[in-house]
Amino acid sequence: MTKQHEQLHRDETVLRSMGMTELRSIYEDMGLTQEELAILTRPRRIVTATFPVTLKNGRIRMFLGHRVLYNDARGPAKGGIRFHPDLTVEDVSELAFLMALKCAVVNIPFGGSKGGVKVNPAELDSHELEQVTRAYIRAVADDIGPYKDIPAPDVYTDERTMAWILDEYERIMRRHQPAVVTGKPPALGGIEARRYSTALGGVHVLEEAMKERGLTPKGARAAVQGFGNVGENMARLLHERGCRVVAVSDVNGGTANPSGLDIEALRRHKAGSGTVAGFSGGKRISNEELLAVDCEILVPAALSNQLHAGNAKEVKASIVLELANGPTTVDADDMFYARDIMVVPDILANAGGVVVSYFEWVQNLSNDFWPEEKVLKRLHRTMTTAFSDVHARCRGGKCRLRKAAYELGVRRILDAERLRGNL
Ligand code: GLU
C-alpha cells in the first residue's frame with residue numbers, strides 16, 4: 001500500500017462512500033499528487049444546525065440539518081436538499097462530492113453541495129413541513145445565495161419546498177433573489193421542463209448508450225425501480241418512445257407485465273391508491289423481483305445501494321441507467337463489469353436535473369425567459385456532449401463509464417483549482 005493509499009484509508013469519514021472508493025481506484029491511473037488528493041477528499045465547508053419547530057400538538061421538537069459545500073472551484077456550489085429520517089452528515093458530504101463531479105462532467109459552471117434535514121416527512125403535515133423548511137433556511141441563510149450555494153429539490157422535497165425556501169430567504173434578505181434556489185414552481189421563476197428534466201436527460205444519455213449496444217428504444221424492454229417524480233417521468237418518456245416498460249415498483253412493491261404496462265392507467269392507479277402495487281394491468285412483484293425481470297434496460301430511480309452483491313447476479317439487463325444517486329454498490333459494480341453489463345453512472349445519467357437547474361439560474365439572474373424549445377434543445381446538447389466526452393475517455397467503451405466520468409470530473413475540478421492558484 002502506497003503512502004497516498006494509507007492516507008486515504010485513515011480518513012474514515014470520507015472513505016465509506018462509493019465516491020471515495022472510486023476516487024481511490026482512479027488516483028493511481030491518473031497519477032494524482034498528494035495535494036490533489038487532499039483537495040478532493042475534503043469538503044470545504046460543513047454547516048450543521050439544530051433548530052426547534054412547534055408541531056401541531058403544541059410540542060416543540062428539535063430538528064437536525066446539514067449543508068455541505070464540497071467544492072466551488074468551478075463556480076457557485078449547487079445541490080439539492082433532502083428530507084430523510086436516516087440522513088447523516090457523511091451521506092450529505094458524499095452526495096455533495098457527487099454533485100461537484102456531476103456539474104463538472106456535464107460542464108456547467110457550478111461546484112457541488114448538498115443539504116438535508118433528518119426528518120420523516122410522512123410523519124408531518126404540510127404546515128409542519130413548511131415550518132421545518134423555513135427554520136432550516138434561517139439556520140443556513142448565511143451560507144446559501146445566488147453566487148454562493150444554490151439549493152434544489154432532492155429526495156422527499158419538491159417545488160412546494162423550493163417555494164418556501166425562496167420566500168424565507170427573500171424575507172431574510174429583504175429583496176427578491178429568485179436565483180437562490182432552483183426547481184421552483186414556474187409561477188415563481190421556475191422552468192416547466194425542470195419537472196421532468198432528470199428523466200429526460202436520462203433518456204438522452206440512454207439513447208446514446210443504446211446505440212453503442214446496437215439497441216433502439218422502440219421495442220426494447222425496460223424496468224424502472226421507483227415511481228416518484230423521476231421514475232414516473234422515466235416510465236412515461238420511455239413508453240412514448242416505443243419502449244415496453246415491463247415492470248415498475250415503489251416502496252410498497254411493484255407490478256410487471258411482459259407485454260408492457262399501460263403507463264397512463266398506472267399513473268391513475270397510483271394517484272388513487274398512492275402506490276403502483278396492486279395495479280390490475282400487471283402481476284404483483286416485489287422490489288427485488290423487479291431487479292431480476294427480463295429486460296434490456298434497468299433503471300434504478302429510487303434510493304442508494306439497491307443493487308448489491310446479493311442481487312447483482314440476478315440482473316438480466318444489458319444496460320443499467322442510474323437515475324438515483326449511488327444505487328449500485330462497489331461489489332455490484334464489479335460484477336456488472338465482469339458480465340459486460342454497461343452501467344451509465346449517476347453523475348452522468350441523472351445530471352439532466354441540475355442542467356435545467358443551471359438554465360433556471362441563468363434565466364433568473366438575467367430576467368430573460370427562454371422558450372421551452374430552447375431549454376429542451378440545450379438539455380439534449382449538454383447531455384449528449386457529456387456522454388460522448390465520457391465515452392471517448394473510456395477508449396470507446398472499453399473501460400467502465402463510471403471510472404471515465406469520475407476521471408473527467410476530477411480533471412475539470414483540478415484544472416479550476418490549479419488556475420485559481422490552489423495547486
Ligand atoms: N438533487 C438533484 C441532483 O442530485 C438536482 C440538484 C440541482 O438541481 O441542483 O442532481
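The values are calculated or read from the model by the stated rules, or taken from the named source; none is laboratory data. This is a predicted model, so every value here is computed, not measured. Glycine also receives a Cβ, built like all others from the backbone with ideal geometry; neighbour counts cover every protein chain displayed.
Give the residues of the stretch 70-106 that are within 11 Å of the ligand (Cβ to nearest atom), out of contact with any strand residue (DSSP E or B) (no Cβ under 8 Å at 6 or more places or on another chain) and closer than 16 Å to Ile46 by Cα, sorted by residue number.
none
Based on what the data block shows, is Ser259 crowded, with 18+ Cβ neighbours inside 10 Å and more than 16 Å from Val320 (Cα to Cα)? Can you show your working first?
Working: crowded, with 18+ Cβ neighbours inside 10 Å: no; more than 16 Å from Val320 (Cα to Cα): yes.
No: the conditions fail for Ser259.
Could you check Leu298 against (1) of a type outside the set (Ser, Thr, Tyr); (2) loosely packed, with under 15 Cβ neighbours inside 10 Å; (3) within 21 Å of the chain's Cα centre (by Cα); (4) not in a loop (DSSP other than H, G, I, E, B) and say which number it fails?
Single failed check for Leu298: (2).
Just to verify a result, which residue in the stretch 329-353, among those that are more than 10 Å from the ligand (Cβ to nearest atom) and either among the β-branched types (Val, Ile, Thr) or in a loop (DSSP other than H, G, I, E, B) (or both), is farthest from Arg378 (Cα to Cα)? Even if it seems obvious, please write down each step before you answer.
Step one: of the stretch 329-353, the residues more than 10 Å from the ligand (Cβ to nearest atom) are 329-345, 348-349.
This time we only want the ones that are either among the β-branched types (Val, Ile, Thr) or in a loop (DSSP other than H, G, I, E, B) (or both), so: 329-330, 339-341, 343-345.
Values: Thr329: 32, Val330: 33, Arg339: 35, Asp340: 32, Ile341: 29, Val343: 24, Val344: 21, Pro345: 21 Å.
By that ranking, first place goes to Arg339.
Just checking, does the stretch 354-372 include any residue being in contact (Cβ under 8 Å) with a residue 60 or more places away in the chain, surrounded by 20 or more Cβ atoms within 10 Å (Cβ to Cβ) and outside any helix (DSSP H, G or I)?
Checked the stretch 354-372: no residue is in contact (Cβ under 8 Å) with a residue 60 or more places away in the chain, surrounded by 20 or more Cβ atoms within 10 Å (Cβ to Cβ) and outside any helix (DSSP H, G or I).
Restricting attention to the stretch 307-326, and to residues there that are touching a residue at least 60 places away in the same chain (Cβ under 8 Å) and within 16 Å of the ligand (Cβ to nearest atom), which single residue is nearest to Ser113 (Cα to Cα)?
Only one residue fits best here, namely Asn325.
Can you name every residue in the stretch 144-157 that is under 21 Å from the mean Cα position of the chain (by Cα), in a loop (DSSP other than H, G, I, E, B) and either within 17 Å of Val355 (Cα to Cα) or modelled with pLDDT under 95 (or both)?
Result: Pro146, Pro151, Ala152, Asp154, Val155, Tyr156.
Return yes when Arg134 is assigned to a loop (DSSP other than H, G, I, E, B) and over 20 Å from the mean Cα position of the chain (by Cα) and no when it is not.
No.
So Val132 passes all but one of these: (1) out of contact with any helix residue (DSSP H, G or I) (no Cβ under 6 Å at 6 or more places or on another chain); (2) closer than 18 Å to Lys114 by Cβ; (3) within 14 Å of the ligand (Cβ to nearest atom). Which condition number does it fail?
Val132 satisfies all of (1) out of contact with any helix residue (DSSP H, G or I) (no Cβ under 6 Å at 6 or more places or on another chain); (2) closer than 18 Å to Lys114 by Cβ; (3) within 14 Å of the ligand (Cβ to nearest atom) except (3).
Which condition does Leu87 not pass, out of (1) in contact (Cβ under 8 Å) with a residue 60 or more places away in the chain; (2) assigned to a loop (DSSP other than H, G, I, E, B); (3) of a type in the set (A, V, I, L, M), if it passes all the others?
Leu87 satisfies every listed condition except (1).
From the list Ala247, Ala277, pick out the single residue that is assigned to a loop (DSSP other than H, G, I, E, B), within 20 Å of Ala324 (Cβ to Cβ) and without any contact (Cβ under 8 Å) to a residue 60 or more places away in the chain.
After applying the criteria, what remains is Ala277.
Looking at Ala163, Ala179, Ala141, which one is assigned to a helix (DSSP H, G or I), closer than 16 Å to Val354 by Cβ and either away from the ligand (no atom under 16 Å from the Cβ) or at pLDDT 95 or above (or both)?
Testing whether each residue is assigned to a helix (DSSP H, G or I), closer than 16 Å to Val354 by Cβ and either away from the ligand (no atom under 16 Å from the Cβ) or at pLDDT 95 or above (or both) leaves just Ala179.
I'd like the full set of residues that are buried (at least 24 other Cβ atoms within 10 Å of the Cβ), assigned to a strand (DSSP E or B) and among the basic types (Lys, Arg), limited to the stretch 90-131.
Lys114
Considering only the stretch 29-73, state which residues are over 30 Å from Leu414 (Cα atoms) and either hydrophobic (A, V, I, L, M, F, W, C) or surrounded by 18 or more Cβ atoms within 10 Å (Cβ to Cβ) (or both).
Those that are over 30 Å from Leu414 (Cα atoms) and either hydrophobic (A, V, I, L, M, F, W, C) or surrounded by 18 or more Cβ atoms within 10 Å (Cβ to Cβ) (or both): Ala49, Phe51, Val53, Leu55, Ile60, Met62, Phe63, Leu64.
Looking at the stretch 1-28, which of the residues that are β-branched (Val, Ile, Thr) and modelled with pLDDT under 50 is surrounded by the most Cβ atoms within 10 Å (Cβ to Cβ)? Explain how you work it out, then say what you get.
At the first step, the residues of the stretch 1-28 found to be β-branched (Val, Ile, Thr) are 2, 13-14, 21, 26.
Imposing the further condition that a residue be modelled with pLDDT under 50 reduces the set to 2, 13-14.
Numbers: Thr2: 9, Thr13: 15, Val14: 18.
Filtering the stretch 1-28 for residues that are β-branched (Val, Ile, Thr) and modelled with pLDDT under 50, the one surrounded by the most Cβ atoms within 10 Å (Cβ to Cβ) comes out as Val14.
On the basis of being more than 11 Å from the ligand (Cβ to nearest atom), in a helix (DSSP H, G or I) and not polar (S, T, N, Q), does Ala193 make the cut?
Spelling it out, Ala193 is indeed more than 11 Å from the ligand (Cβ to nearest atom), in a helix (DSSP H, G or I) and not polar (S, T, N, Q).
Using the structure shown, decide if Ile285 is of a type outside the set (Lys, Arg), more than 23 Å from the chain's Cα centre (by Cα) and buried (at least 19 other Cβ atoms within 10 Å of the Cβ).
Answer is yes for this residue.
Yes/no per residue for (1) within 17 Å of the chain's Cα centre (by Cα); (2) in a helix (DSSP H, G or I):
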{"position": "Glu168", "(1), (2)": "no, yes"}
{"position": "Val203", "(1), (2)": "yes, yes"}
{"position": "Lys211", "(1), (2)": "no, yes"}
{"position": "Gly214", "(1), (2)": "no, no"}
{"position": "Val224", "(1), (2)": "yes, no"}
{"position": "Leu238", "(1), (2)": "no, yes"}
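From the set of residues in the stretch 139-187 that are exposed (fewer than 15 other Cβ atoms within 10 Å of the Cβ) and in contact with an Asp or Glu (Cβ under 7 Å, 6 or more places away or on another chain), which is nearest to Thr198 (Cα to Cα)?
Going through the qualifying residues, I end up with Pro186.
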